[in-house]
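Engineer: I'd like to ask you about the structure that follows.
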Amino acid sequence: MAMPNAILTKVKPITLSPLPWADNALEPFISKNTISFHYGKHHQTYVDRLNELIAGKPEADMPLEDIVRSTVGDPKKVEILHNAQQTWNHTFYWNSLRPNGGGKPPREIAEKIESSFGGYDAFKKTFAEAAVGQFGSGWAWLIAEGGKLKVVATPDGEDLLPTSATPLLTLDVWEHAYYLDYQNRRKDYVVAAIDSLLNWEFATQNLSRRSD
Ligand code: FE2
C-alpha cells in the first residue's frame, strides 16, 4: 500500500501563521486585495525562502525568534536573518491590526501613554511621524523599554528581538503594505491604521509580558 503523501513529505520547520481575521476584515482601510498579496505572496515568500535557506542547518531546529537572535551580526547568515525577521515581523503586524480597532487605548495602555508621551494625541503624532518619516522600507514600533513606552522606526526587515525592548505594536511601512490602496500616500495609510485598526488588546497582552 502506498504511503500517504503527508507522511513522506518532510515537515517544514517554519510555518506561515494564519491571519487572525478574514482577509477582507480590515476594509475599507486595507483591502482584501492588499492582504491577499501581502500575506499570500510577500509573507508566504519570506517563510518559503527561510525554509529553503535553513534546510539541513542548525537553524532548522530553532524557534523563529532564536534564528533571528543567533544570526544577527553574522555576515554569512544575512539572508537567513532577513527572511526570519520578515517572517516574524509580518506575523506580529497582522496581530497588531484588527477590525474596529484604533483610536484611544484602554486604561492600562492609556496611562502608560500619558506618562510616556504626555497624552494620546502626542503619541499619535510621534507614531505617525516615525511611520511616515522612515526613509524607504521599514517598520514603526510602539515598544516598552526601561519602564516607559517609546516609538521607534527600523529600516528594511530590522526588528527589535535582539534588543531589550518589548514590542507592543508594529506598522509595516513597506510600499507593498499600502500601495494598492493608497499609492504613494503613506501618511493616509498610517493615519487610517492609527485611527481605525491598531489592536490595543494585543498591545496590552504584550505589555503584560514585558521583561523590564
Ligand atoms: Fe510587509
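Engineer: Which three extents, in whole angstrom, do the alpha-carbon atoms of the stretch 107-208 cover along their principal axes, largest first?
Structural biologist: 36, 29, 20
Engineer: How high is the relative contact order of the chain, given as a whole-number percent (alpha carbon pairs under 8 Å, six or more residues apart)?
Structural biologist: 23 percent
Engineer: A further question follows. So what is the accessible area of the stretch 32-96 per residue, in Å², with the probe set to 1.4 Å?
Structural biologist: Ligands and nucleic acids excluded, the result is 47 Å² per residue.
Engineer: For a Förster distance of 30 Å, can you work out the FRET efficiency between the beta-carbons of D61 and R209, rounded to the nearest 0.05?
Structural biologist: The value I calculate is 0.75.
Engineer: How many percent of the alpha carbon pairs in the chain exceed a separation of 30 Å?
Structural biologist: Tail fraction, whole percent: 24.
Engineer: Where nothing but the Cβ of Lys and Arg (+1) and of Asp and Glu (-1) is charged, how large is the charge dipole of the chain around its Cα centre, in debye to the nearest 20?
Structural biologist: Rounded to the nearest 20 debye, it is 100 debye.
Engineer: Calculated FRET efficiency, E79 and E175, Cβ-Cβ r, R0 25 Å, to nearest 0.05? Can you show the working numbers first?
Structural biologist: On the way: r = 21 Å, r/R0 = 0.85.
Efficiency, from the Cβ-Cβ distance: 0.75.
Engineer: Classify the stretch 157-212 from the C-alpha gyration tensor, please: rounded if a/c falls under 1.5, else prolate or oblate depending on whether a/b exceeds b/c.
Structural biologist: oblate
Engineer: Please go through the residue pairs K32/K125; K77/K124; K32/K104 and name each one whose alpha carbons sit more than 31 Å apart in this structure.
Structural biologist: Correct reply: K77/K124.
Engineer: Ignoring ligands, DNA and RNA, what accessible area per residue does the stretch 107-208 give at 1.4 Å, in Å²?
Structural biologist: The answer is 43 Å² per residue.
Engineer: Separate question: Quote the convex hull volume per residue of the stretch 32-96, based on C-alpha atoms, as a whole number of Å³.
Structural biologist: Once divided by residue count, the hull of the stretch 32-96 is 81 Å³.
Engineer: I would also like to ask the following. Gap in Å between the Cα centre of the stretch 73-89 and the Cα centre of the stretch 153-212?
Structural biologist: 19 Å
Engineer: I've got another one for you. Can you give the FRET efficiency for T15 and K150, using 1/(1 + (r/R0)^6), R0 = 41 Å, r = Cβ-Cβ distance, to the nearest 0.05?
Structural biologist: 0.85
Engineer: Rounded to the nearest percent, how much of the accessible area of the chain (1.4 Å probe, protein heavy atoms only) is carbon and sulfur?
Structural biologist: Working: 5780 of 10770 Å².
Within the chain, the accessible surface is 54 percent carbon and sulfur.
Engineer: Right, here's the next one. Percent antiparallel among DSSP beta bridges with both residues in the chain, to the nearest 5?
Structural biologist: 100 percent
The values are calculated or read from the model by the stated rules, or taken from the named source; none is laboratory data. Keep in mind the model is a prediction, meaning the values are calculated, not measured. Neighbour counts are summed over all protein chains in view; Cβ atoms, including those assigned to glycine, are modelled from backbone coordinates with ideal geometry. Please note that ligands, DNA and RNA were not included when accessible areas were found on the heavy atoms of the full protein model with its side chains. Shrake-Rupley method; radii C 1.70, N 1.55, O 1.52, S 1.80 Å.
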